[in-house]
Each structure stands twice: as structure tokens, then as C-alpha cells.
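Engineer: Right, I'll just put the structure down here and ask away after.
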Amino acid sequence: MFIICLISWKSYAFKKENFEVSSIHFISYHIRKLNWQRNIIMKYIWVHTVLIWLALVMYTWSSHRTTTFKFTALAIITVYIFGITGWFWIKKLRKEVSKLNDLMADLEYMKEKLLENEDVENTF
């Protein structure tokens, strides 16, 4: 849980804005942050789900219950955890990834235009 919190914290942009920094640097910084958010959605949520599943499996398996209870509990836990994560992925996260990809594409386009304008200004 602590690692997932740290990774999530890294994706947020809490940096103080310095108006002396170039626009290209500003856009690059935000592209990196959006890329982190995309990675969290694409990779780390699944890692987090597997870690929670493993914790629940180990807790259930260490209980002093019958084997039938253990296997039934494991099946219910597995279906529930991965079912909820899959449903959440289908309903919410795909839209978020699509929005992040669109934002990153727009920022990349703006960055390219700024680089082109900077090159034109340097030639004069």
C-alpha cells in the first residue's frame, strides 16, 4: 500500500510554477506527469490488485478452517477482486486512459509547434 501511495504521489504536479522557465520545459514536465498517471492506470492498479489478492489468499489459507471452506473462500475472493477490478477497468479506466492519451498528444503537438517557432526565431 505504501509503494502504491508513493507511486500515485509522484504522478501529481505539486511543483511551484516558475515563470522564468521556458514553455517547452513546462510542457515536458506535464507530459511526464501525465505519463506517470497513465502508467498507474495501466500497470500499477493491476499490481495493487494482485497484492491485495495475495494478502487475502494468505490470510484465508492460514485460517484453521476446513479445506472446503478455504477453497470456497479463495474462489469467492478471486472472483470478487478481479471482477471488481475488471469492471472498474471497463467502466472507468479505459476512458481515463483515452483522455490522458488525448491530453498528451495535444501537449506533444504544442511542444512541437513551440520548437518550430523557436527554430524559426533562431534563424533570423
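The values are calculated or read from the model by the stated rules, or taken from the named source; none is laboratory data. Just so it is clear, the model here is predicted, and its values are computed rather than measured. Please note: Cβ atoms are built from the backbone with ideal geometry, for glycine as well, and neighbour counts cover all protein chains shown. What goes into the accessible areas is simple: the full protein's heavy atoms, side chains included, and nothing from ligands, DNA or RNA. Shrake-Rupley method; radii C 1.70, N 1.55, O 1.52, S 1.80 Å.
Engineer: For the range 36-78, enumerate the residues that are of a type in the set (Lys, Arg) and at pLDDT 85 or above. Talk me through it step by step, then tell me what you get.
Structural biologist: At the first step, the residues of the range 36-78 found to be of a type in the set (Lys, Arg) are 38, 43, 65, 70.
Within the range 36-78, Arg38, Arg65, Lys70 qualify.
Condition check ((1) loosely packed, with under 13 Cβ neighbours inside 10 Å; (2) farther than 26 Å from Leu6 by Cα; (3) touching a Gly at 6+ places or on another chain (Cβ under 6 Å)) across all residues:
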{"residue": "His48", "(1), (2), (3)": "no, no, no"}
{"residue": "Ser62", "(1), (2), (3)": "yes, yes, no"}
{"residue": "Thr72", "(1), (2), (3)": "no, yes, no"}
{"residue": "Trp89", "(1), (2), (3)": "no, no, no"}
{"residue": "Arg94", "(1), (2), (3)": "yes, no, no"}
{"residue": "Ser98", "(1), (2), (3)": "yes, no, no"}
{"residue": "Asp102", "(1), (2), (3)": "yes, no, no"}
{"residue": "Lys111", "(1), (2), (3)": "no, yes, no"}
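Engineer: For Ala13, only one of the following conditions fails: (1) aliphatic (A, V, I, L, M); (2) assigned to a loop (DSSP other than H, G, I, E, B); (3) at pLDDT 80 or above. What is its number?
Structural biologist: Checking Ala13 against (1) aliphatic (A, V, I, L, M); (2) assigned to a loop (DSSP other than H, G, I, E, B); (3) at pLDDT 80 or above, the one that fails is (3).
Engineer: Could I ask something else about it? Looking at Asn122, Asn101 in this structure, which one is in a helix (DSSP H, G or I), closer than 30 Å to Ile24 by Cα and at pLDDT 90 or above? Spell out how you get there, then give the answer.
Structural biologist: On the way: Asn122 fails: at pLDDT 90 or above.
The conditions single out Asn101.
Engineer: Determine, yes or no, whether Met42 is farther than 20 Å from Met1 by Cβ and either in a helix (DSSP H, G or I) or open to solvent by 60 Å² or more (accessible area, probe 1.4 Å) (or both). Before the answer, list the steps.
Structural biologist: Working: farther than 20 Å from Met1 by Cβ: no; either in a helix (DSSP H, G or I) or open to solvent by 60 Å² or more (accessible area, probe 1.4 Å) (or both): yes.
No; evaluated as a whole, the condition is false for this residue.
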